[in-house]
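Where a number appears in this text, it was derived from the coordinates with a stated rule and is not lab data. Treat the numbers as computed from the prediction; the structure is a model and nothing was measured.
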């Protein structure tokens with residue numbers, strides 16, 4: 001049981017960053033380049049690359065190079081399942097009112 005909890009913890013830590021979750025949401029429909037992800041997320045290419053490196057080390061995304069452009073896609077079925085559950089919980093819930 002401890003090993004399972006440790007594996008789950010490592011996996012969830014990789015998904016836990018807001019910027020990483022946002023990138024994965026943008027990758028849901030298919031692969032995108034670093035530049036496209038940066039534009040969609042409103043951040044610099046270097047910030048996107050750093051977050052994607054974390055996800056790649058954990059096997060959550062995979063990279064494909066075409067010339068000088070690197071494209072990323074979701075590689076983990078487990079990540080897709082978790083993202084689907086998160087979407088069901090949070091995307092359908094009303095936004096909280098500002099206090």
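Taking every pair of Cα atoms in the stretch 2-91, average 1/r, invert it to obtain the Kirkwood radius, and report Rg/Rh to two decimals. All intermediate terms of the calculation are to be shown ahead of the outcome.
Details: Rg = 13.0 Å, Rh = 13.4 Å.
My calculation of the ratio gives 0.97.
With the contact rule set at Cα under 8 Å and sequence spacing of 6 or more, what percent relative contact order holds for the chain? Don't jump to the answer; show the numbers that get you there.
Numbers: 81 pairs, mean separation 23.9, N = 99.
Relative contact order, the chain: 24 percent.
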